[in-house]
Amino acid sequence: MTQEGLVPLGEVFRIFRGSVLLKGSVVPRLGETVYTTDGEVIGYVSDIFGKISGFYILVRLTSEKIEVEIGEKLYLQGKTGPVSPSGKAKPQL
């Protein structure tokens, strides 16, 4: 997969063994696949918490050998628009 069709999910805030914590930019669905800038699968959405105005996303990595850096952006496969907390895509304005 190329970067085309990817939507920014968030930026890496903390790195743990086997998972990373992102500052979220869109609210994903649990279990949704997460990609790097290059379109490589890096993991899946495991948990979402915090306020809608400033939430965090826990991503479980598919392998402990995956290397990420704080500040790195991770992505979801393209959608029609940002996802609301109800899980429905918001219309683009």
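Where a number appears in this text, it was derived from the coordinates with a stated rule and is not lab data. Note that the structure is predicted; figures quoted are calculated from it, not measured. So basically every Cβ, Gly included, is an ideal-geometry build from the backbone, and we count neighbours across all protein chains shown.
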Which order, highest average first, do 19-29, 55-65 follow once you tally other Cβ atoms within 10 Å for each residue and take the mean per peptide?
19-29, 55-65
Taking only the alpha-carbon positions of segment 1-82 as identical scatterers, the Debye log10 I(q)/I(0) at q = 0.11, 0.12, 0.17, 0.27 Å⁻¹ comes out as -0.23, -0.28, -0.57, -1.50
Per the rule of 0.36 nm per residue minus the C-alpha distance, extending E67 to K23 adds in nm 14.1 nm
Starting from the 7 Å offset along Cα-to-Cβ, what nm value, one decimal, do you get for the label separation of E11 and D38?
2.3
